[in-house]
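Undergrad: Mind looking over this structure? Questions follow.
Coordinate-derived values only; no laboratory data. Everything quoted here is computed from the prediction, not taken from an experiment. Positions of Cβ are generated from backbone atoms using ideal geometry, with glycine treated the same way; all protein chains shown enter the neighbour counts.
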Amino acid sequence: MLAKNDFQNLSMLENLNTPGLNAVKLIEDKVLIPLKRLDPSTSTSDLKKIFGKKLKKILERVSPDLEPLSLRFWNRPLEDPVITEEVLAALVLKFLSGMCNSVQLEEILYCFQFSRFEELADILKRIIASKELKSFNISGFILFTDFKYIRTLGSEITFWRISVASEIKNFDDYFDDFMKFLSNNSLFTEHMKNICHFDENTFNLLLNFALRNIILMHKQVLELYGADGFTSYDRKIYLKFFKTGYPVMDRAAIFYVLLHELCHYFRRISCITWEDSRNCSTPEKIIDNIPINEAGNIFEIEFFGKRHKFLNEKACDFFLSSTETLSRKDYSKKFASINKIRGNVYVPLMRGICLSNKGVVELSGCLISRYRGYS
């Protein structure tokens, strides 16, 4: 996906020539284009027979050129700018190995055939052309090429195929309000300090840096991906810009999603490279006899009683204005109780869609959560 001012950058990549894009040409010519032209009645088992060996041969052929570049990308410090030929090699290799190693290859091929997918080179060029959304696109494509979420793979293919110009803005209009909100809710900051194990001053510096670099995205992009927020592997936070017509509830929804994403941010704060961040995991925690190993979900359940699919008006008011000194357990019980009924006005956390004449924020959830099985 591109921000509106990125399309000029895309036109400059017309003649880009890298080992990654050379490999993509093979994938398109040998697999994606023939797959698109194949008889739609071809069985999924036949799809695997026809293209499984081709994919493995392509992987064997391109790996010697792509693996050294890919390795340099994964070992690159998160603070460094990504190098075009490295990141392209890493993404293409991830795409190929994701397909070749999947036990559901026939379903993946069927989704590509059904979606008439062949624009892999264009997608990768859009990723490279993006500026503010580059981290979102790189990290999102890495998750996409795990090919774990087969049930919605078709819609995710659509996401990558559509060239949407996203409107973006920074967090400045919300910064002071959010800092005041945190000062009234020290429970939240104490939890995040415990995640990262930093002293007060270091924590505040990191928090300030995270908030100053947040990108708010108008709903097209995140809704197409079925998410409300995303923290990229290089620790950039992207949030959906809720716009339901109820400013207080929009602010509550943004802050609610942001707290979830800050848990991911602080879990990764000690990561040095892209590889470190990709492998950064949350220690499993048992809550109500259910094992959970996703930082944002653990936070939501512990502090809000559960992962909420909507915020009603009363819950938004309580969330934004409460200065009560409550224990975590008492706060979570009170919040869950207040937010139990949708009422006449609520925000769908559908986890996106504003239902007509009902102010609702529905949460679609976090992009990381979906790919770890928490839909």
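Undergrad: On full extension of the chain, what length is gained from Leu205 through Ile290, given 0.36 nm per residue of separation minus the C-alpha to C-alpha distance?
TA: So the extension gain works out to 27.1 nm.
Undergrad: Restricting the count to DSSP beta bridges whose residues both fall in the range 168-371, what percent are antiparallel, rounded to a multiple of 5?
TA: 75 percent
Undergrad: Next up: Residue by residue through the range 17-32, what is 3J(HN,Hα) from phi via Karplus (6.51 cos²θ - 1.76 cosθ + 1.60, θ = phi - 60°)? Round to whole Hz and write x for glycine and proline.
TA: Working through the residues one at a time gives 10, 9, x, x, 6, 5, 5, 4, 4, 4, 4, 5, 5, 8, 10, 5 Hz.
Undergrad: Which residues' amide hydrogens lie under 5 Å from the amide hydrogen of Tyr233, considering only partners 5 or more residues apart or on another chain, with H built in the peptide plane?
TA: Ser139
Undergrad: Continuing with the same structure: With label points built 7 Å along Cα→Cβ from the Cα atoms of Lys333 and Asn101, find their separation and express it in nm.
TA: Simple spin-label model gives 4.6 nm for this pair.
Undergrad: Expected output is a single nm value to one decimal: the length gained when fully extending between Leu326 and Glu60, i.e. 0.36 nm times separation in residues minus the C-alpha distance. What is it?
TA: Fully extending the segment from Leu326 to Glu60 adds 89.9 nm.
Undergrad: Under the Karplus relation 6.51 cos²θ - 1.76 cosθ + 1.60, θ = phi - 60°, what is the ordered set of whole-Hz ³J(HN,Hα) values for the range 104-118, x standing for Gly and Pro?
TA: With coefficients 6.51, -1.76 and 1.60, one gets 10, 4, 4, 5, 4, 4, 5, 4, 5, 5, 4, 7, 6, 8, 8 Hz.
Undergrad: Which of the GluC sites (Glu not before Pro) found in the range 286-344 are in a DSSP loop and have at most 14 neighbouring Cβ atoms, other than their own, within 10 Å?
TA: Glu324
Undergrad: Starting from 0.36 nm per residue, how many nanometres of slack lie between Asp173 and Asn75 once their C-alpha separation is accounted for?
TA: This chain segment gains 31.7 nm when fully extended.
Undergrad: To check you understand DSSP bridge types, tell me what percent of the beta bridges within the chain (both residues inside) are antiparallel, rounded to 5.
TA: Taking every DSSP beta bridge within the chain, about 70 percent pair in antiparallel fashion.
Undergrad: What are the principal axis extents of the Cα atoms in the range 2-166, in Å, biggest first?
TA: Here the spans come out as 45, 34, 29 Å, largest first.
Undergrad: Round to the nearest 0.05 the FRET efficiency obtained for Arg37 and Ala165 when R0 = 25 Å and r is the Cβ-Cβ distance.
TA: The formula returns an efficiency of 0.25 here.
Undergrad: Taking R0 as 45 Å, what's the FRET efficiency between Asn17 and Ser270 from their Cβ-Cβ distance, rounded to 0.05?
TA: Working from the Cβ atoms, E equals 0.75.
Undergrad: Moving on. So for the chain, what percent of the C-alpha to C-alpha distances run longer than 30 Å?
TA: Tail of P(r) above 30 Å: 41 percent of Cα pairs.
Undergrad: Another one. For the pair Ile83/Asp146, report the inter-label distance in nm, with labels modelled 7 Å from Cα in the Cβ direction.
TA: Calculated label separation equals 2.8 nm.
Undergrad: Hey, another quick one. Grab the DSSP H runs of the chain that are 4 residues or longer, score each as -39,500 (n - 2.57), total them, divide by all residues and round the 222 nm result to the nearest 500 deg cm²/dmol.
TA: -17000 deg cm²/dmol
Undergrad: Quick one: grab the alpha carbon gyration tensor of the range 168-371, order the square roots of its eigenvalues as a ≥ b ≥ c, and give me rounded if a/c is under 1.5, else prolate or oblate depending on whether a/b is larger than b/c.
TA: rounded
Undergrad: In whole Hz, what ³J(HN,Hα) sequence does the range 263-276 give by Karplus (6.51, -1.76, 1.60; θ = phi - 60°), x for Gly and Pro?
TA: These are the phi-based 3J(HN,Hα) values: 5, 5, 4, 6, 5, 9, 5, 8, 5, 9, 10, 4, 5, 4 Hz.
Undergrad: Restrict the search to the range 187-289; then list the trypsin sites (Lys or Arg not before Pro) that DSSP places in a loop and that have at most 14 other Cβ atoms within 10 Å of their Cβ.
TA: Answer in residue order: Lys243.
Undergrad: To continue, here is another question. Taking the Cα-to-Cβ direction at Ser155 and at Arg278 and moving 7 Å from each Cα, how far apart do the two end points lie in nm?
TA: 2.7 nm
Undergrad: Still on this structure, please answer the following. Hand me the GluC sites (Glu not before Pro) from the range 74-148 located in a DSSP loop with no more than 13 other Cβ atoms within 10 Å, in residue order please.
TA: Answer by residue number: Glu79.
Undergrad: Given charges of +1 on the Cβ of Lys and Arg and -1 on the Cβ of Asp and Glu, with all other atoms neutral, how large is the dipole of the range 168-371 about its Cα centre, in debye to the nearest 20?
TA: Its charge dipole is roughly 560 debye.
Undergrad: With r defined as the distance between the Cβ atoms of Asn194 and Lys314 and R0 fixed at 30 Å, what FRET efficiency is calculated, to the nearest 0.05?
TA: 0.55
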